[in-house]
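To keep things clear, I will list the structure first and then write my remarks on it.
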Amino acid sequence: MIGIIRYGAGNIFSLTAALERLGIKYGMVYSETDFEQFDHYIIPGVGHAGAAMNKLQQTGMVDKIKSLKKPTLGICVGMQLLTSYSEEGNTDLLNIFPIKTLRFADSSEYKVPHTGWNEVNHGKDNALFKNIPTASHFYFVHSYFIEFNEAYTLASTAYSTKFSASIWKDNFFGVQFHPEKSGRYGEQLLTNFSNL
Amino acid sequence: MLSKRIIPCLDVKDGRTVKGVNFVDLRDAGDPVELAWNYSAQGADELVFLDITATHERRKTMVELVKAVARQINIPFTIGGGINEIADADALLNAGADKISINSAAVRNPALIDELAKAFGVQFVVIAVDTRRVGNGHVVHLNGGRIATGKQTFDWILEAESRGAGEILLTSMDHDGTKGGFDISFLKDVNEAVHIPVIASGGAGSVQHFVDVFEKTNVDAALAASVFHYGEILIPDLKEVLRQNNIEVRQL
């Protein structure tokens with residue numbers, strides 16, 4: 001069963017709706033004592049990374065999250081929280097991945113926010129992308145991105161710069177796109193995660 | 001590469017779609033959820049629901065609609081129509097809407113854009129602009145193009161961007177309903193001037209009109225209603241032609 005880590009950042013209606021359509025069981029994690037009953041975790045999040053980190057710190061769950069050994073998936077800002085730092089609010093983050101979250105440069109050719117369906121290229125053989133062809137389209141909407149890194153980037157996407165569409169380290173995963181809004185491949189990814 | 005988006009727009013009143021729909025064997029052509037599901041299955045990249053309910057129950061019916069759509073549909077959707085304050089937006093966000101579209105409320109109170117962007121992030125805030133040519137200029141109109149405001153469209157769009165709009169939905173009222181093609185020259189000017197995505201609307205009548213709007217203006221998305229609802233253009237056929245013209249589109 002997946003525990004969704006609740007810290008007051010963003011709505012989760014679409015995520016829980018997707019899990020229900022897929023028949024994946026889930027519950028809510030509000031504090032450290034709630035972790036034990038789950039074997040997977042999702043860290044959702046939309047909005048401002050700095051504000052999200054503040055809220056997460058107020059829950060007192062930061063140390064627990066950093067010590068998790070079970071599969072944990074950060075989505076969008078929930079993924080950015082796993083990195084060391086974000087330019088959004090000039091904020092230090094969880095530092096599970098020693099890489100940074102940066103802002104896309106403004107340009108009329110590459111608009112910000114990066115909004116819409118873009119190709120996700122995954123070269124590494126990983127169960128998170130099982131039965132998802134490389135270069136499948138996923139839905140993105142974000143102004144900040146996680147830098148590309150050979151060691152931690154599980155899948156990349158090209159925009160004004162090549163960035164991490166997905167990251168992976170041990171039991172920690174992150175996706176910048178919204179799997180709950182990314183058609184059947186997004187649903188496949190959520191199913192894959194629940195099967196890890 | 002980022003795909004160009006194809007967006008069907010559904011008008012909804014009292015929780016039911018209005019305008020005829022005859023493109024598929026729907027059990028209930030007035031059910032917005034079933035219609036949305038069909039568009040999603042055809043390959044629509046996103047949906048816009050325009051709520052034209054005029055009763056005091058509207059927020060409740062909109063929230064119910066958004067929840068029903070979010071439960072069933074796995075692509076993003078925007079809801080617009082009668083969103084006047086933060087509380088409206090908050091209720092719709094919590095019900096599962098990906099974006100809200102604001103039109104006249106933003107014209108009446110531009111600071112609403114700042115408030116919404118600050119509260120929910122720019123990615124949640126679509127500013128819908130209905131424009132009409134007046135003399136050599138373009139002027140913002142309200143109420144489906146019937147009421148002229150004093151605002152120059154170009155200036156208003158730049159103001160909306162600077163206040164925190166995450167996307168512009170630009171409808172040319174001169175082209176809307178004509179099926180004669182999008183307003184290429186104005187869309188091109190606007191698209192080159194802003195740094196946020198632009199959705200073209202008004203005038204779609206043929207597949208070639210979509211090819212033209214993407215090739216000649218480089219807008220991010222194109223929206224249409226009746227050509228999709230009446231089955232005059234099927235989304236898989238449209239996307240195939242776009243692909244043949246080397247325009248990046250999402251494959252299912």
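Residue B:12 contributes about 0 Å² of solvent-accessible surface, heavy atoms of the protein only, 1.4 Å probe.
What whole-number value in Å² describes the accessible area per residue of the protein assembly as shown for a 1.4 Å probe? Walk me through the intermediate numbers first.
Working: 17260 Å² over 448 residues.
Dividing the accessible area of the protein assembly as shown by its residue count gives 39 Å².
In the stretch A:84-196, Rg over Rh equals 0.95, where Rg is the alpha-carbon radius of gyration and Rh the Kirkwood radius from pairwise Cα distances. Ordered from largest to smallest accessible area (heavy atoms of protein chains, 1.4 Å probe), the residues A:187, A:87, B:159, A:20 come out as A:20, A:87, B:159, A:187. Between residue A:121 and residue A:105, the simple label model (points 7 Å from Cα in the Cβ direction) yields a spacing of 2.0 nm. What is the stretch B:142-198 by shape, rounded, prolate or oblate, if you read a ≥ b ≥ c off the alpha carbon gyration tensor as root eigenvalues and call it rounded for a/c under 1.5, prolate for a/b larger than b/c, and oblate otherwise? Judged from the Cα gyration tensor, the stretch B:142-198 comes out oblate (a/c at least 1.5, b/c at or above a/b). Given a 1.4 Å probe and the protein chains as shown, residue A:25 ends up with an accessible area of around 150 Å². Ordering A:128, A:49, A:104 by the projection of their Cα atoms onto the charge dipole of the stretch A:2-195, which places +1 on the Cβ of Lys and Arg and -1 on the Cβ of Asp and Glu, puts A:128 at the extreme positive end.
Here chain B was treated as a single set of alpha-carbon atoms; its pair distances binned every 10 Å from 0 give 7, 33, 39, 20, 1 percent. For residue A:147, tell me the accessible area in Å² from a 1.4 Å probe, rounded to the nearest 10. Per-residue accessible area (residue A:147): approximately 60 Å².
Peptide B:68-80 has a mean of 5 when you count, residue by residue, the C-beta atoms of other protein chains within 10 Å of its C-beta. Packing here is the average count of other Cβ atoms within 10 Å per residue, and on that basis the peptides B:203-211, B:232-240, highest first, run B:203-211, B:232-240.
Principal axis extents of the C-alpha atoms in the stretch B:138-252 (largest first, rounded to whole Å): 41, 29, 22. Residues of the stretch A:15-49 whose accessible area (probe 1.4 Å, heavy atoms of protein chains only) drops by at least 10 Å² once all protein chains are present, relative to their chain alone: A:17, A:21, A:46, A:47.
So if I place +1 on the C-beta of Lys and Arg and -1 on the C-beta of Asp and Glu, and nothing else carries charge, what would the dipole magnitude of the stretch A:2-195 be about its Cα centre? I want it in debye, nearest 20. Walk me through the intermediate numbers first.
Numbers: 17 positive and 18 negative charges, 48 e Å.
My answer is approximately 220 debye.
Normalised by the number of residues in chain B, the mean separation of alpha-carbon contacts (under 8 Å, six or more apart) gives a relative contact order of 19 percent. The sum of -39500 (n - 2.57) across all DSSP H runs of n ≥ 4, divided by the residue count of chain A, sets its helix-only mean residue ellipticity at 222 nm to -6000 deg cm²/dmol.
Rounded to the nearest 20, the size of the Cβ-charge dipole of the protein assembly as shown about its Cα centre is 420 debye, with Lys and Arg at +1 and Asp and Glu at -1. Solvent-accessible surface, computed for protein heavy atoms with a probe of 1.4 Å, shrinks by 40 Å² or more for the following residues of the stretch A:98-137 when the other protein chains are added to the isolated chain: A:108, A:111, A:113, A:115, A:117, A:137. Write down the Kirkwood hydrodynamic radius of the stretch B:66-124, to one decimal in angstroms, obtained as one divided by the mean of 1/r over all alpha carbon pairs. When all Cα pairs of the stretch B:66-124 are included, the Kirkwood radius is 11.7 Å. The apolar share of the surface of the stretch A:2-195, taken as the fraction of accessible area on carbon and sulfur atoms (1.4 Å probe, ligands and nucleic acids excluded), comes to 45 percent. Here, the protein assembly as shown has an Rg and a Dmax of 21.2, 68 Å when only alpha carbons are counted.
Using a 1.4 angstrom probe on heavy atoms only, work out the carbon and sulfur share of the accessible area of chain B in %.
Working: 4690 of 9820 Å².
Reported share for carbon and sulfur atoms: 48 percent.
Compute the orientation-averaged projected area for chain A from the convex hull of its Cα atoms and round it to one decimal in nm². Spell out each step's value before the answer.
Details: hull surface 38.9 nm².
That works out to 9.7 nm², a quarter of the Cα hull's surface.
For the stretch A:2-195, the relative contact order is 20 percent, taking Cα pairs closer than 8 Å that sit 6 or more residues apart in sequence and dividing their mean separation by the residue count. For the pair B and A, the buried accessible area comes to roughly 2700 Å² in total, with a 1.4 Å probe and the value rounded to the nearest 100. Per-residue shielding of B:132-142, expressed as the average number of other chain Cβ atoms within 10 Å of the residue Cβ, stands at 0.
The values are calculated or read from the model by the stated rules, or taken from the named source; none is laboratory data. Being a predicted model, the structure only gives us computed values, none of them experimental. Quick reminder, even Gly has a Cβ in these numbers, built from the backbone with ideal geometry, and neighbours come from all protein chains shown. Ligands, DNA and RNA are excluded from the accessible area calculation, which covers all protein heavy atoms including side chains. Shrake-Rupley method; radii C 1.70, N 1.55, O 1.52, S 1.80 Å.
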